Amino acid sequence: MNAAASLRTALRALRKNKLRSLLAMLGIVIAVAAVMATVSIGQGAQAKVAQQMESLGANLLMVLPGSIAMHGVATGSGATQNLTRDDATAIEHELSTSVAAVAPINRTGAQVVYGDQNWFTQVQGTTAAYLQVRNWPLAGGEAFGREEDASAAKVCILGQTVVSKLFIPGAPVIGEQIRVKQVPCKVVGILASKGQSFGGADQDDVILMPWSTVVRRLIGSQADSVGQMMVSARSASAVSDAEREITSLLRQRHRLSEQAEPDFQIRNLAEMQDAAKQSTETIATLLEAVAAISLIVGGIGIANVMLVSVTERTREIGIRMAVGGRSRDILFQFLTEAVVLAAVGGAIGLSLGIGVSKWMAAKGNWPTLLSAPVMIGTLLAAGLAGVIAGFYPALRASRLDPIEALRFE
Amino acid sequence: MDRSDSGAAGAPVVEARGLEKIYRMGDVEVHALRGVSLSIDAREFVAVMGASGSGKSTFMNLIGCLDRPTRGSYLLNGRDVGKLSRDQLARVRGEQIGFVFQGFNLLPRTSAVENVELPLLYQGVGGRERRRRAAEALARVGLGDRLEHTSSQLSGGQQQRVAIARALVNRPILLLADEPTGNLDSRTSVEVMGIFQELNEQGLTVVLVTHESDIAEHARRIVTFKDGLLLSDVAISRRRLAREELRAEQTA
């Protein structure tokens with residue numbers, strides 16, 4: 001019997017017992033749907049985490065003032081003011097092989113007023129390097145440069161949230177004067193929207209101003225100390241080099257002895273990103289394992305039904321053998337039935353899984369990732385489950401003795 | 001139509017020499033056949049009789065190539081088939097033997113024509129040719145107008161005719177019928193015997209197992225088994241003719 005004929009025979013046999021075929025398929029349908037949904041949800045979640053991580057900035061190091069112990073009392077981190085603008089400049093100039101950009105940051109909260117609207121937001125005093133480090137494009141206008149920083153110019157760049165709080169939609173923003181803590185400032189640029197941070201904070205509720213404008217005019221300090229620095233390494237592989245070089249440069253600049261604790265700390269955000277990525281990968285692997293197990297369970301369902309079917313159709317097998325069916329014809333027939341069950345169940349499960357993952361993605365607000373390799377792989381796995389599940393029942397059928405099979409009641 | 005002329009010239013269709021069959025049931029050996037020699041020529045119509053346990057069913061299974069003898073040899077149409085493998089025997093069954101069973105043994109929920117096509121399926125006959133030959137075989141047993149009926153839509157006699165058509169469709173050299181009238185009423189039994197007689201007159205070799213002597217008397221020769229041995233082998237001088245029986249019944 002050729003393949004086409006045995007496929008037709010299998011289809012006919014399955015159609016004759018629709019309910020049982022459906023029940024046999026159900027396991028595989030659910031398994032494949034589960035695989036599709038979990039894998040694409042897992043991948044979607046991974047992509048979302050990666051997206052959020054990326055929004056933080058690329059290859060990022062944070063340099064913070066350290067804790068020092070005074071008379072035996074340790075202050076919290078960031079309590080000292082021993083990072084300076086000069087440190088930032090030194091890092092930028094001396095470590096240019098590993099460091100792409102350095103942004104010094106000093107923050108202060110400020111009430112901002114435009115016309116009859118006002119809003120309390122966070123003001124970040126920094127340099128144009130901040131946009132590069134945070135990988136943050138402007139939606140309009142332009143950034144401030146070195147001269148504005150040097151002259152403590154009264155200019156600012158607004159985050160999207162601040163724009164929406166102060167301005168009527170559609171009204172001109174660039175070139176307008178707003179007051180930040182009573183200091184009149186000209187809006188020179190608008191940041192593109194960045195959305196929520198990994199921690200859930202609104203990253204768009206911010207105003208950027210030249211570092212010296214914030215420190216000298218808003219905070220009113222003559223000190224050169226820097227709240228923190230964000231450093232962007234030239235590449236992912238340069239991050240650890242940059243970390244090491246910054247450490248030794250700052251130790252040298254701060255005249256720390258070999259044994260002394262550093263008076264600053266460096267946080268490697270790339271490592272955090274890796275950790276977050278790894279944890280989502282672990283979850284994805286877990287989901288895939290669960291899906292694989294359900295595929296096995298689905299296969300067992302098919303095996304079960306096929307075994308029952310072989311017993312129930314013993315007489316049919318005897319007839320087929322009596323009229324010239326060889327062992328392998330019988331084997332192939334039942335194997336084909338199992339594979340057809342698995343394949344049809346797989347196809348139904350696939351469409352169900354796509355639907356579920358699209359729905360979940362819409363609800364969870366993350367990208368749906370339906371990769372073709374996953375779909376093809378899942379279908380192949382379902383087919384394989386069919387072959388494995390069908391093999392033993394088919395083998396049993398093919399080894400029946402025709403005389404006994406014909407006598408079977 | 002028939003292949004009775006395609007074998008070795010002049011060789012009997014069935015030639016059994018000292019057939020023995022021993023079944024093992026646990027520790028017990030059952031000697032089902034104790035040495036049976038029998039030869040059946042082409043165009044013969046033989047009835048095999050005997051009580052249950054006489055060995056007649058074992059004999060049928062052996063000459064039907066459903067089983068292999070423990071000892072002795074069996075030549076089907078001049079070819080020794082006693083030592084063939086399972087799959088080779090399946091092939092011989094598919095090409096040279098037609099079976100008719102007591103319980104009809106049609107596939108349930110399957111149309112008559114599909115049932116009849118079954119043997120051709122395993123011989124790789126193409127779809128259109130298969131359908132044509134199956135329809136032809138059904139027409140031969142008077143069911144040309146019932147191709148698409150399933151078993152549940154057919155009477156017992158009609159089902160047995162479908163089974164006969166299935167046995168004929170591969171143009172066998174030997175038709176084996178195992179208690180073909182066991183599930184039928186007497187009138188339908190005579191009708192079915194009529195079909196066998198007609199096929200036999202057209203040249204087909206028929207071997208029929210039965211325990212009813214009036215059914216056996218439709219054959220030309222009766223062999224009787226007892227305790228695994230051949231008890232008697234007699235030719236029938238005045239055999240029953242189904243055609244005449246049916247005519248007599250009509251006039252009565």
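No value in this document is a laboratory result; all are computed from the given coordinates. Here the structure is a predicted model, which is why all the values come from computation and not from measurement. Reconstructed Cβ throughout: ideal geometry from the backbone, glycine too, with neighbour counts over all protein chains shown.
Couple of notes before you dig in:
- The range B:96-116 and the range A:184-254 have Cα centres spaced 87 Å apart.
- Distant alpha-carbon pairs in the range A:338-383 (separation over 16 angstrom), percent: 42 percent
- Mean-position separation - Cα centroids, the range A:368-388 and the range A:89-123, in angstrom: 50 Å
- Entries in A:LYS277/A:LYS358; A:LYS48/A:LYS181; A:LYS194/A:LYS363; B:LYS21/B:LYS226; A:LYS194/A:LYS277; A:LYS165/A:LYS194 that, when Cα-Cα distance is taken, lie over 26 Å: A:LYS48/A:LYS181
- Taking amide H as placed 1.01 Å from N in the peptide plane, the amide H of B:THR205 sits under 5 Å from that of B:ARG43, B:LEU175, each at least 5 places away or on another chain.
- Per-residue ³J(HN,Hα) for the range A:323-335, Karplus 6.51 cos²θ - 1.76 cosθ + 1.60, θ = phi - 60°, Hz, x for Gly and Pro: 8, x, x, 7, 3, 6, 4, 5, 4, 5, 4, 6, 4
- With a cut-off of 10 Å between beta carbons, the residues surrounding A:GLY318 carry a summed charge of +1, where Lys and Arg count +1 and Asp and Glu -1.
- In Hz, Karplus ³J(HN,Hα) per residue of the range A:21-37 (6.51, -1.76, 1.60; θ = phi - 60°; x = Gly, Pro): 4, 4, 5, 4, 6, 3, x, 5, 4, 5, 4, 5, 4, 5, 4, 4, 5
- A:ASP224/A:LEU384 FRET efficiency (R0 51 Å; Cβ-Cβ; nearest 0.05): 0.15
- The range B:125-221: relative contact order as a whole-number percent, Cα under 8 Å and 6+ apart: 25 percent
- Neighbour-limited loop hits for GluC sites (Glu not before Pro), the range A:190-288 (at most 11 other Cβ within 10 Å; DSSP other than H, G, I, E, B): A:GLU258
- Karplus-derived 3J(HN,Hα) values for the range B:213-229, using 6.51 cos²θ - 1.76 cosθ + 1.60 with θ = phi - 60°, are 5, 5, 6, 4, 5, 6, 7, 9, 8, 10, 10, 10, 9, 8, 6, x, 10 Hz; glycine and proline are entered as x.
- Coil-residue trypsin sites (Lys or Arg not before Pro) of the range B:92-197, DSSP, other Cβ within 10 Å capped at 15: B:ARG109
- Net lengthening on full extension, A:ASP86/A:PHE391 (0.36 nm per residue, minus Cα-Cα): 102.3 nm
- Expected 222 nm ellipticity per residue - DSSP helices of 4 or more, -39500 (n - 2.57), all of the protein assembly as shown, to 500: -15000 deg cm²/dmol
- Fewest-first sequence of B:LEU118, A:LEU7, B:LEU229, B:LEU38 by Cβ atoms within 10 Å of each Cβ: B:LEU229, A:LEU7, B:LEU38, B:LEU118
- Sorted largest first, the spans of the alpha carbon positions of the protein assembly as shown along the three principal axes are 137, 58, 41 Å.
- Folded to 0 to 90 degrees: helix A:239-253 orientation relative to chain A principal axis, Cα: 20 degrees
- In nm, spacing of pseudo-spin labels at A:LEU249 and B:LEU231 (7 Å Cα→C-beta vector): 11.4 nm
- Among A:SER98, A:SER398, A:SER40, the largest mean-square fluctuation in a Gaussian network model of chain A, built with springs joining Cα atoms closer than 10 Å, belongs to A:SER398.
- A:ALA292 paired with A:ASP241, simple spin-label distance in nm, labels 7 Å along Cα-to-beta-carbon: 3.8 nm
- Crossing angle, helix A:3-16 versus chain A [Cα axis fit, 0-90 degrees, rounded to tens]: 90 degrees
- Hydrodynamic radius by Kirkwood, which averages 1/r over all alpha carbon pairs of the range A:127-178, in angstrom: 12.4 Å
- From the alpha carbon centroid of the range B:131-183 to that of the range B:188-204 is 12 Å.
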